[in-house]
Amino acid sequence: MLFVVLAAALAPSLLLVWYFHARDLNPEPARVLWATYGLGVAVLIPEVVAAAPFGLAIRHLSDPIARGLLGAFLTAAIPEEAFKLLVVTRYCARHREFDEPMDGIVYGAVAGLGFAALENVMYLAQAGMGLALLRAFTAVPNHAFMGAILGYYVGQAKFARSGRTGLLVRAYVYPVILHTLFDFPMLTIKAAGGMARSIGVPLLLVSAGTLIFEWVWVVRLVRRLRREQEALAATGSPARVVG
């Protein structure tokens, strides 16, 4: 039973690691990818510690919308994206294998998927296979997409001639906004309890719309950078400098 739970928890994230790895014309070494994945797993523990005071501060709010919004923003989006950004900027971007903008998307997505994998294990240990199936199509790709967007802007900043600070700000702010929009509906429904029936469907549409928006955005970013890789490969040029 333990093996089944672990397989269900890890399979969605591993499939998405393969997807992003396969989109890269110049694939990253496995040792660096798995180190990034492992760091994504590891930062869940300090993230939980960092989020705890915010959770305590808002748990007595009576308004479910305020509680859901602040919970999504303060206990999920801000700390989770901050620790993912640390993984990508302090480890990945400093590694010699991070030598072109596409690498940002790959490493960002993998860091997010490592985080999602351990989160999945924790949820599945409590809730079982039904939640596994739901998260395979929602929370896990959401972490991958947010990580890819974060990584895209880190990659742009690494190879930019100017404007690096603004790009790094976007690497953090955009995923925080998306993360808040995705989590806010579900946390509001949870806080609403018996009132959830009247607000549940419209709120869940916000989560679904956010996930679709991220998916389209990431696919476009991946295609753009893949075209650039192919153009550079055709000319034999090194990785570009943007800006």
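Where a number appears in this text, it was derived from the coordinates with a stated rule and is not lab data. Worth saying up front: this structure is predicted, and the values here are computed from it rather than measured. Here the Cβ positions follow ideal geometry from the backbone for every residue, glycine too, while neighbour counts run over all protein chains shown.
The slack in the chain from PHE137 to LEU86, taken as 0.36 nm per residue of separation less the alpha-carbon distance, amounts to 15.8 nm. How much FRET efficiency would the formula 1/(1 + (r/R0)^6) give for ARG96 and ALA50, where r is the Cβ-Cβ distance and R0 is 35 Å, rounded to 0.05? Efficiency computed from Cβ-Cβ geometry: 0.70.
Stokes-Einstein D for the chain at 25 °C, 0.890 mPa s, Kirkwood Rh over Cα pairs, in µm²/s? Calculated translational D: 133 µm²/s. Counting only trypsin sites (Lys or Arg not before Pro) that DSSP places in a loop and that have at most 16 other Cβ atoms within 10 Å, the longest clean stretch of the chain runs over 162-239. Relative to the longest principal axis of the Cα atoms of the chain, helix 196-235 runs at roughly 10 degrees. Report the FRET efficiency, 1/(1 + (r/R0)^6), for ALA7 and VAL201, where r is their Cβ-Cβ distance and R0 is 30 Å, rounded to 0.05. That gives a FRET efficiency of 0.40. The angle between the Cα long axis of helix 2-23 and the main principal axis of the chain comes to about 40°, on a 0 to 90 degree scale. FRET efficiency for the ARG31 to THR165 pair, using the beta carbon distance and R₀ = 22 Å, is estimated at 0.10. Centre-to-centre separation between the Cα atoms of the range 140-214 and those of the range 61-92: 10 Å.
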